[in-house]
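The values are calculated or read from the model by the stated rules, or taken from the named source; none is laboratory data. Remember, predicted model here, so these are calculated numbers, not experimental data. Glycine also receives a Cβ, built like all others from the backbone with ideal geometry; neighbour counts cover every protein chain displayed.
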Amino acid sequence: MSASPIDEIDRSLIKHLQADGRTSFSQLGRLVGLSDASTRQRVNRLIADGVIDVVAVTDPVKLGLGYQALLGITVSTDVRKIANDVGAFHDAVYVVMTAGRYDLIVEVVCRDGDAFVDLSNEFRSMPGIEAVELLPYLEITKQTYDWGVG
C-alpha cells in the first residue's frame, strides 16, 4: 500500500502537532476547518502512512543521561551491517549512513562519561570498524522538530 500524497490541510495538521502533539482532534479540526471525524481520519492516515509519529520528546539530562555525543565512524566492510550492529546498542539513538568523511554518523546518549568511554571502546573493538571520531556535546543551542511543512 503506497502512501497518499499530503495536501495543505495535512501540512497544517502536521505543523500544529509539531507545536503540541497533545492537541485534541476537536481543537485541530477547528484550527484547520475540518470536523472531528475528518481530522481523526487524516491524522490516523498520516500515522499509518508513516508520515508522522506522535511521541513524547524527552530531555536526556533530566532523565539522568548526562552525556551526549556524535560519533563519526569509518568502516572497512559492509556499512549496512555495521549500521545495524551499532544501532543494536541502546545508547545509540540515531544512526545515519553518509557519504563523505565518515561512513556513519551516530548520536549517543549515555548515563555519564564512564558509560560513554565504555561504549566508545565497544565500537572501536567491533570487527569492520576502522576508526571512530568522538564529538562530545558541550551545549545544545538549538533543537527543533518543526521542519518539513513550510
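Assorted remarks:
- Checked against the criteria, V108 does not count as touching a Phe, Trp or Tyr at 6+ places or on another chain (Cβ under 9 Å), more than 21 Å from I140 (Cβ to Cβ) and at pLDDT 95 or above.
- Residue that is over 17 Å from the mean Cα position of the chain (by Cα), within 27 Å of E139 (Cα to Cα) and of a type in the set (G, A, S), where the choices are G87, G64: G64
- Qualifying positions in region 57-77 - in contact with a helix residue (DSSP H, G or I) (Cβ under 8 Å, 6 or more places away or on another chain) and either assigned to a strand (DSSP E or B) or not assigned by TED's automatic domain parsing to the domain that holds H90 (or both): Y67, Q68, A69, L71, I73, V75
- One residue from L28, L13 being assigned to a helix (DSSP H, G or I) and either under 24 Å from the mean Cα position of the chain (by Cα) or under 30 Å from D112 (Cβ atoms) (or both): L13
- Qualifying residue in region 49-56 (condition: outside any loop (DSSP other than H, G, I, E, B), out of contact with any Asp or Glu (no Cβ under 8 Å at 6 or more places or on another chain) and either surrounded by 14 or more Cβ atoms within 10 Å (Cβ to Cβ) or charged (D, E, K, R) (or both)): no
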